[in-house]
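See structure below.
The values are calculated or read from the model by the stated rules, or taken from the named source; none is laboratory data. The structure displayed is predicted, hence computed values, not measured ones. As a convention, Cβ positions derive from the backbone with ideal geometry for all residues, glycine included, and neighbour counts pool all protein chains shown. Calculation scope for accessible area: heavy atoms of the full protein, side chains included, ligands and nucleic acids excluded. Shrake-Rupley method; radii C 1.70, N 1.55, O 1.52, S 1.80 Å.
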Amino acid sequence: MSLWDWSLRAWAAPGVEGACLDLQDAQGQNIPLLLWAGWCAATGRAPTEDDLEAACDTARVWQGTIVAPLRGVRRALKTRIPDLDEADREAVRDQVKRLEFDAERRLLAALEALSPPSAGPARPVLQALVAVARVWSPVTPRTALGLLADRLPA
C-alpha cells in the first residue's frame, strides 16, 4: 500500500486527526513526517539514521517554504475580515486549503521516494514515531506520540 493510501486510511481512523493536530500545533511536530514513520513501521521498513535525517530535511524544506505559509494564510482567512466579502473570503480559503493539502500530498510522495524497501514484518509504531521525532525536534513528546501510535492502523 502506498504511503498516500495508508495516510488517508490512517487519517480516517478514530482519534488520529485529533492526535496529529495536537502533535502539530502543541508539540511542533510534522504530520506528514509522523505518518511516514507510522507507514514505515506498519510496512516493515526500517529507516536508517541517514534515512531519518533525509526525511526530516525534506520535510523541513516543504514545511518552511510551502506548507506553513499556506497554513498561515488559510488560518488567517478562517475568521471574518472587515470589508471583505464573506463568500470571496471562503472561496479563497478553500483554494488555499486545497493547495495546502496538495503540498502535503507531494511531501508524502517525496518521503515515500526516500523510504527503504520493506524488509520484514511490521515494526513497533511508537518506536518509529519516537525515532523520527528525535531527529525533527529537540523535544520528544512521548505521551502524545503514544496516543497517536495507539490510534494508527496496523
For this session: Only residues of the range 1-32 count here: report those whose backbone N is under 19 Å from the spot 7 Å along Cα→Cβ of A154, or say none.
Result: 1-2, 6-7, 9-16
Seminar exercise, completed: Zone reached by a paramagnetic label modelled 7 Å from A46 Cα along Cα→Cβ, restricted to the range 122-147 with backbone N below 15 Å, covers 122-125, 127-128
For this session: Working from the alpha-carbon coordinates of the range 53-110, get Rg over Rh, Rh being the Kirkwood radius.
Result: 1.11
For this session: Please give the calculated 222 nm ellipticity per residue for the chain, where each DSSP H segment of at least 4 residues contributes -39500 (n - 2.57) and the sum is spread over every residue; nearest 500 deg cm²/dmol?
Result: -22000 deg cm²/dmol
Exercise. What is the calculated FRET efficiency for A68 to A113, with r their C-beta to C-beta distance and R₀ = 25 Å, to the nearest 0.05?
Worked result: 0.70
For this session: Could you provide, to the nearest whole Å², the per residue accessible area of the chain with probe 1.4 Å?
Result: 53
Exercise. If you take the Cα Rg of the range 1-70 and divide it by 2.2 N^0.38 Å, with N the number of residues, what do you get?
Worked result: 1.12
For this session: Leaving ligands, DNA and RNA out of it, report the carbon-plus-sulfur percent of the accessible area of the chain at a 1.4 Å probe.
Result: 57
For this session: Of the listed values [x] 9.7; [y] 12.6; [z] 9.2, grab the one calculated as mean projected area of the Cα convex hull in nm² from the structure here.
Result: [z]
Seminar exercise, completed: Stretched fully, the stretch from A76 through R93 gains (0.36 nm per residue minus C-alpha distance, one decimal, in nm) 5.2 nm
